[in-house]
Amino acid sequence: MKKRNKLKIINDPIYGFITIPNEFIFDLIEHKYFQRLRRITQMGLSHMVYPGAHHTRFHHALGCMHLMQKAVQVLRFKGVDISEEEEVAVLAAILLHDIGHGPFSHAMEHSIVHGISHEDISLRFMETLNKEFDGKLDLAITIFKGEYSRMFLHQLISGQLDMDRLDYLKRDSFYTGVAEGNVNSERLITMLSVVNDELVVEEKGIYSVEKFLLSRRLMYWQVYLHKTSLVAENVLIRILQRANYLVEQGKELPASTVLSFFLKEKIESSSFTEDVLNQFSKLDDYDLVSAIKEWVNYDDKILSTLSEILINRDLLKVELGLQEFSKEKESIHIDKLVSNHDLNREEASYFVFSGSISNQAYNAEKQHIKLLLKNGETSDIIKQSDQYNLEALSKKVTKYFICYPKPNFEINGSVFPNV
């Protein structure tokens, strides 16, 4: 039998050609767990605002791996000793860092599985893969968890200036058409260095870092936390919550076998067994979209209406503000739905709800971006920047939102009065 060529080249619209460096990385990419990422959208429901934003977690993971290859090459050129074993491990870790994402990314963390983040699920996938690959992911897992002695390797995967952020900002900017997010990832990587096993940026790269932080702030407000994406994701969460409730009441909902499993079982961290992980590995965006299309015609008016407004993008009205909306305002909208329609307050709350969103471009308390000064010392970028707004970017900004039906909003073919 002819041996299969495992040293492939992939054509990427962002970076050009991406090379798969060795057979082990190729085998990880070919694994069914990783291939599932082709069916998980990178930006959730952002395509409802930016029609081009249909790229996947698969694209993003490959881009991160490509940037990690560049980072290792740059650091070696600057005299940083990185062994071949460490290189393979850090490439595998960044490749698999998002493998635990569920359908439409973050929405699933609030509705299908409870008390377990996508990072935790990613780690469980890595540990399962490690068994299949006879321990070849031992070092990758140690680095991923931040337990390896050389901390800069973990910082390249999860830090203030990691390959994850460098790729998703540039990639999401490209696919949304929002130019503000187009960071110069190559320049930033070229400026990286290591001091005492800690990642630093050469002083001459300060303006590139400032641009990166500003781009991150703008992308969050303009794209990731866009009010239409916000209300769409909240509607999706409530669709799944309603579906869960109906299943608990003994109702049978049309859904794929794997989605039905997660609707029927209350999965928490303690019950997330290897069997559950195997089920999770089969769950993707298509399961949800297919089910929601069916639920449009289901006989529960709450589920059918929520499903219809999401499928047809006829979403709820959303208001944003710097102050928390009063419970009285929320209650007024709920009262109107209750009095004008055959709904109780609990049912009305599926259509009227409030919450908050936060944006912090630079978390100086969690981890610093350190500059390597010309005298050999290191210093936090805020202390060295002449941009007064850089310190402002390190402060968390919180905005509040309230969602409620638009005027003449229909439920089960019946029109709401102007609410």
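Below, the figures for the structure above:
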| quantity | calculated |
| --- | --- |
| Every residue from segment 274-297 that is surrounded by 19 or more Cβ atoms within 10 Å (Cβ to Cβ) and of a type in the set (Phe, Trp, Tyr) | 280, 295 |
| Test: residue in segment 52-62 that is touching an Asp or Glu at 6+ places or on another chain (Cβ under 9 Å), touching a residue at least 40 places away in the same chain (Cβ under 8 Å), assigned by TED's automatic domain parsing to the domain that holds residue 172 and surrounded by fewer than 18 Cβ atoms within 10 Å (Cβ to Cβ) | no |
| Checklist (1) assigned by TED's automatic domain parsing to the domain that holds residue 26; (2) crowded, with 22+ Cβ neighbours inside 10 Å applied to residue 112, failing item | (1) |
| Matching helices (runs of 4 or more DSSP H) fully within segment 254-337 where at least 2 residues are under 23 Å from residue 115 (Cβ atoms), under 23 Å from the mean Cα position of the chain (by Cα) and without any contact (Cβ under 8 Å) to a residue 24 or more places away in the chain | 274-280 |
| Any chance residue 87 is out of contact with any helix residue (DSSP H, G or I) (no Cβ under 6 Å at 6 or more places or on another chain) and modelled with pLDDT of 95 or more | no |
| Scan of segment 158-203 for residues that are within 25 Å of the chain's Cα centre (by Cα), assigned to a helix (DSSP H, G or I) and among the β-branched types (Val, Ile, Thr), ordered by number | 176, 189 |
| Pairs where the first residue, in segment 184-206, is assigned by TED's automatic domain parsing to the domain that holds residue 153 and the second is modelled with pLDDT of 95 or more and in a loop (DSSP other than H, G, I, E, B), C-beta under 6 Å, 6+ apart | 193/78; 194/80; 197/150; 201/191; 202/191; 205/191 |
| Some residue of segment 123-133 being of a type in the set (S, T, N, Q) and under 21 Å from residue 66 (Cβ atoms) | no |
| Residue ranges of strands (runs of 3 or more DSSP E) in segment 353-400 with at least 3 members modelled with pLDDT of 90 or more | 353-359, 370-372 |
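The values are calculated or read from the model by the stated rules, or taken from the named source; none is laboratory data. Predicted model, so just to flag it, every value in this text is computed and none were measured. When we count neighbours, we look across all protein chains shown, and the Cβ atoms used for this are built from the backbone with ideal geometry, even at glycine.
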